Structures are given as C-alpha cells and as structure tokens.
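Some notes on the structure that comes next.
The values are calculated or read from the model by the stated rules, or taken from the named source; none is laboratory data. Since this is a predicted model, take the numbers as computed values, not measurements. In this analysis, Cβ positions are derived from the backbone assuming ideal geometry, glycine residues included, and neighbour counts consider all displayed protein chains. Areas reflect the complete protein model, heavy atoms only, side chains present, ligands, DNA and RNA absent. Shrake-Rupley method; radii C 1.70, N 1.55, O 1.52, S 1.80 Å.
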Amino acid sequence: MRIDELNAHERRLWDAFPQGRPVDVSTDPAPPDSPPPPPPVIRSDAVAALLLGAAHAEPTPGDRPALRLTGAHITGRLDLGFTDVAAPILLTGCRFDEAPLLQGARTRQLVMTDCALPGLVADTAQIDGRLVVSRCRLTGPLVLNRTQINGDLDLRDTAVGFPEGEAISAVHAHVAGDALCTNLAVEGTFRLSGASIDGEFDLEGAALRAPGRHALDAYHVRVAEDFTCHPGFSAEGRIILSGATVAAGIGFCGARLSNPGDVALEAVDVTVDRNFDLGLGLTVDGAVKLDGTRVGTELSFRDAELTHQDGTALSLRATQARETDLRTRRPIDGVVDARNARLGTLYDAQDTWPTDLRLADATYETLAYPLPAAERVRWIRRTTVDYLPQPYEQLAATYRRLGHEDEARTVLLAKQRHRRATLPPHIRLWGHAQDLSVGYGYRPLRAGLWLLALLACGALYFAFHTPAPLDPGKAPPFNAVFYTLDLLVPIITFGQESAFAPRDTGQWLSYALIASGWILATTVTAGISRAVTRQ
C-alpha cells in the first residue's frame, strides 16, 4: 500500500507510528437528539502494512515505534499470520468487521481495551509481553491454542459469546505471568486443557455459561500459584479440573455451580499443595467429584450447600487431605461417598450429617468432635450399603488414640450387633446369647453378674430343697452354695455334684444351671479372645 492511498486518519496513524504517539480518531459527541456519527474507518490493510514496515524511512535515534489507536472502525481482516511484528499494538475502543488473525505470529505486545470483535485467532502465536483483551466484546471465539505469552493474559471484564462451541480455546497455551479473568463472561466452553500458567489463575466474579456441556475444561492444567474462583464466580455446565496441578490453593468460596442431574465439578486426581476451599457460601446444584485428589493442607466444605438428589452429591473416593471440614450449611442432599479416603483430622457437625454416608476403608487420624460412641455409631450407620467392619474398627481405633477405651468397646459391640443381623437365624441365636451374657466380650462384667444371679437362685432353691445323697454313708455334708457352683462352673469341682442327686424340679434346675455354665464359659472365652485381639 502506497502512502498516497491512505485516508486522513490512516495518514495520522502512519505519521505517529515511528514515535509511538497515540492516535485518537474518535469523533466529537453528536448534537442533542441526533444519532452518533459512525466511527472513522481505518482499513486493516493499512494497519498490517504499517506494522510490517511498508514505506518507512530509516528510524531516527529515540524512535520507539508502536501502534496506539483509539476509536477506529477497522474494516477487512487484519491478517498478521506467521509474521514478525516488532512494535507493540495497543487498541482502545476499536471495532472490527472481521476477526483479527495472528496465527503463528510473533509480536512484542498486544493490548485491546473496550474493543468489539467478531473473534480473535492467535493460536501458536508468540507474544513477548502481555496479551490484553480487556473490557472487550467478542461475538466469536478467542483462539489461543499453543500460544506462548511471556507476560500476563488479561481478559478482565470481557464478554465472549460463542454458545455453539468453544468460546475460548487455549489448549496447551503457556502464560509466563498471571491469567487474569476477573468478571469474564463466557457463553460457550472455556477450554484450556493442558495449559500452563506460571502465576495465578484468577476467575473472581467470572460467569461461564454452557448448559449441559463443559463450561470450563481445565484438564491437566498447571498453575504455579492460586486458582481462584471466588467470590462471585458462577458456572452453568460442567467444570473440569481433573489432573490439574496447583502449587498454591484452589478456592470456590461463594461460587455458584449448576449442572442439574450431572457432575457440576469434576476434579479427579488433582494435586493441590495448600488448601482446596469449597466452602463459605459455595452453592452446587449437581455432583462434586474429587476422586483421587491430593490436598496438602485442608479440604473444606464449610458452610457449602450441595444438592444432587438420587445420586452421589459428593464423591471423595481415595481423596487425601491433612484436614477435612464437612461442616456444610445444611445436610448434603445426596450420597456422600468417602470410600478409601484419607481425611486426616475430620471436622463435622451432627446437625449436618448426610443421610447416606459411605465410609468403607476410609481413614482419619482424629475426629475434631469425637461425640459419645453411641452418636458416632449412628454416624457410620448412615449408609444404604451392607455391613462392613472397617468403619467400626477405624472409629474404635480413633477412640483408643484419644484414650477412650470404653467408647472403643461400645463401637466394637455395635459392630458385632450389625454383623449379627446379616447372619443365618441359627447363628443369630448364638449371637444373641453372647450379647446378652457378656456383650460379645466387650461387657465382661455381665458374666460375673449372671454368675452371681444364677448362684443365688440355685443356692436358695437347694437350701430349701436338699437333694438326696447317692451314698448316705459316704456323702459329705451338703452345702447349697458349693453344690450350685459345681453345677455352674464346668472346669472345677467341690465334690458336691457327684455326691447328691436332685429330683423332679431340682433335677431340671440342675440341668439349666449346667447349660448356663457352659454358655457362660464359652462366651467368656470368646470375649477374652476377642478383647486380646482388639476385634
């Protein structure tokens, strides 16, 4: 393009470029009650020719070329694909007819503020400084796949609309600074799977809408600082963080996530070096799935609301955390599945226990609020699955570490009673006998009380109904107490039982005492064995 082909506004831009002076071609305000005049036109070919060095004299000392343009209507496609643009580009309040093309380009800096674009294509581009698309309105996709940005990526207060596909695509992009997306509004999928961000990823106040699809796809993203989605963040559709690595913390405090009937937050196998905060006002309509996630310090759902009726509202399978806070604002509406989780110090509140809680093979170092054992037994029984021994053993071990041996025995007794309900009727009958007599060995005092009661009954009866001696000449003097002990205790003898023979009612009573003695002996032996092995 020759200089004599430029219009007046293009000529102003041409003259200001070598020194990087700003050019504002916006018109004066229109008179009252008159429509505003159209913005001045600058052709994209003129801008491209200027940036690529057409018809310029040798630079003079002190020149710092830059394109600084405000208020222009840029017609045609600005095509800088696979070029090397030596000057920074700063556009304010400009309107584009077609999406600028910077695919494979290298530029020093690209700053677009308050602009209107039908999209921006900059995949595989390399930007030595910042990429700013702030307070802009895009009616087409922003494409940044495999783009290398050596400064910040700034998308603050921008709206991107492409509901039928990927509104923002930054697959395997690398940002050497921060990704600033405060108040970003996206209609369509925001996809940055495999991306790498050397600073923080800030989505505070952002609104992502892709109902029934992926609102945010950050699969295997790497963030060197915080991943922040609070406060004011909202998303319609699924958020995917699976495989992500975050060197600081992840925060969704005060956020609103909605994907009814499906997974709202999928964060499987995520590694977080500090906190994973899903509390303080978080509202989720849909499932939260954190299977296999590793949290360096605290995983918190404090004051959150989770709803996923007729399904798993919260999945913590094989999740690991130093501390876990499950004190939600109200009981989670749906199943909480913490199987095989390692929860560290567990915080919870009795009034917000979920209806269906699955703790098979879950472990925790301690309970911040142990509560009486009977209450905690009701906690681990809040499940629809069949009997499993491990949750009882884990709870009992926790009470022992706290020095509450009596509470541990209460838990283990509850475990045996739960197990008994799963056994055949004839075995359940023997279980009831063990429970009634010695509490499966966890209530050993009962055996002594039963022995004393039976001894008293037998001694009183035989004191008034002395059995006849078998051999009157050799029989020792009758003693009702020791005769009853001979019947009750099968492993010792005082010589009374073999010397006297009761009849009628006394005979049946002696049979009952002998049977009771054997039952007590058997159950006490089983209880001692169980207590020694701590089961």
>> Every residue in segment 458-491 that is open to solvent by 70 Å² or more (accessible area, probe 1.4 Å), aliphatic (A, V, I, L, M) and closer than 16 Å to D504 by Cα, please.
In response: L470
>> Quick check on segment 284-316: of everything there that is in a loop (DSSP other than H, G, I, E, B) and open to solvent by less than 40 Å² (accessible area, probe 1.4 Å), which residue is farthest from A338 (Cα to Cα)?
In response: A304
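What are the residues in segment 249-278 that are of a type in the set (S, T, N, Q), assigned to a strand (DSSP E or B) and touching an Asp or Glu at 6+ places or on another chain (Cβ under 6 Å), if any? Walk me through it before giving the result.
Of all residues in segment 249-278, those of a type in the set (S, T, N, Q) come to 258-259, 271, 275.
After this cut, where a residue has to be assigned to a strand (DSSP E or B) as well, the list is 258-259, 271.
Once the filter is applied, which keeps residues that are of a type in the set (S, T, N, Q), assigned to a strand (DSSP E or B) and touching an Asp or Glu at 6+ places or on another chain (Cβ under 6 Å), segment 249-278 yields only S258.
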> Which number in (1) under 20 Å from T324 (Cα atoms); (2) open to solvent by less than 60 Å² (accessible area, probe 1.4 Å); (3) part of a loop (DSSP other than H, G, I, E, B) marks the one condition that Y387 misses?
Replying inline: (1)
>> Can you report the number of residues in segment 329-346 which are open to solvent by 20 Å² or more (accessible area, probe 1.4 Å), over 24 Å from D285 (Cβ atoms) and outside any loop (DSSP other than H, G, I, E, B)?
In response: 2
> Limited to segment 171-187, what total is found for residues that are open to solvent by 20 Å² or more (accessible area, probe 1.4 Å), part of a loop (DSSP other than H, G, I, E, B) and of a type outside the set (S, T, Y)?
Replying inline: 5
> Is there a residue being at positive phi and touching a Leu at 6+ places or on another chain (Cβ under 9 Å) anywhere in segment 357-364?
Replying inline: yes
>> Restricting to segment 48-107, name every residue that is on the phi > 0 side of the Ramachandran plot and at pLDDT below 90.
In response: G53, A55, G62
>> Checking the condition closer than 23 Å to R156 by Cα, surrounded by 20 or more Cβ atoms within 10 Å (Cβ to Cβ) and not acidic (D, E), which residue from A235, A321 passes?
In response: A235
>> Tally up the residues in segment 492-507 that are exposed (fewer than 13 other Cβ atoms within 10 Å of the Cβ) and within 14 Å of Y461 (Cβ to Cβ), please.
In response: 4
>> Just to verify a result, which residue in segment 14-24, among those that are at pLDDT 90 or above and closer than 18 Å to T75 by Cα, is least open to solvent (accessible area, probe 1.4 Å)?
In response: V23
> Which residues, taken from segment 203-212, are in contact with a Ser or Thr (Cβ under 9 Å, 6 or more places away or on another chain) and open to solvent by 20 Å² or more (accessible area, probe 1.4 Å)?
Replying inline: E204, G205, A207, R209, P211
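Taking into account only those residues within segment 350-382 that are acidic (D, E) and part of a loop (DSSP other than H, G, I, E, B), which is surrounded by the fewest Cβ atoms within 10 Å (Cβ to Cβ)?
Result: E365.
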> Restricting attention to segment 147-170, does a residue exist that is in contact with a Gly (Cβ under 8 Å, 6 or more places away or on another chain), without any contact (Cβ under 8 Å) to a residue 40 or more places away in the chain, surrounded by fewer than 19 Cβ atoms within 10 Å (Cβ to Cβ) and under 15 Å from G199 (Cβ atoms)?
Replying inline: yes
> Mind checking whether some residue in segment 192-208 is within 24 Å of A87 (Cα to Cα) and either modelled with pLDDT under 95 or not in a strand (DSSP E or B) (or both)?
Replying inline: no
>> For segment 453-482, give me each residue that is assigned to a loop (DSSP other than H, G, I, E, B) and of a type in the set (G, A, S).
In response: G473, A475
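Say we look at segment 213-224 and pick out the residues that are assigned to a strand (DSSP E or B) and open to solvent by less than 70 Å² (accessible area, probe 1.4 Å); which of these is farthest from E164 (Cα to Cα)?
Per the stated criteria, the residue is V223.
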> Is it true that G281 is farther than 22 Å from A338 by Cβ, open to solvent by less than 10 Å² (accessible area, probe 1.4 Å) and in a loop (DSSP other than H, G, I, E, B)?
Replying inline: no
>> Given (1) closer than 20 Å to L120 by Cβ; (2) surrounded by 24 or more Cβ atoms within 10 Å (Cβ to Cβ); (3) of a type outside the set (V, I, T), identify the lone condition not met by F227.
In response: (1)
>> within 18 Å of P372 (Cα to Cα) and either among the polar types (S, T, N, Q) or modelled with pLDDT under 75 (or both): is that true of T466 in this structure?
In response: no
>> Would you confirm, using the coordinates I've provided, whether P118 is surrounded by fewer than 19 Cβ atoms within 10 Å (Cβ to Cβ), within 29 Å of the chain's Cα centre (by Cα) and of a type outside the set (G, A, S)?
In response: no
>> Please count how many residues of segment 174-200 are β-branched (V, I, T) and closer than 17 Å to D128 by Cβ.
In response: 1
> Looking at D386, is it out of contact with any Cys (no Cβ under 6 Å at 6 or more places or on another chain), of a type in the set (D, E, K, R) and farther than 19 Å from F301 by Cβ?
Replying inline: yes
> Counting residues that are more than 22 Å from E166 (Cβ to Cβ), which strands (runs of 3 or more DSSP E) fully inside segment 55-137 reach at least 1?
Replying inline: 67-70, 73-75, 89-92, 110-113
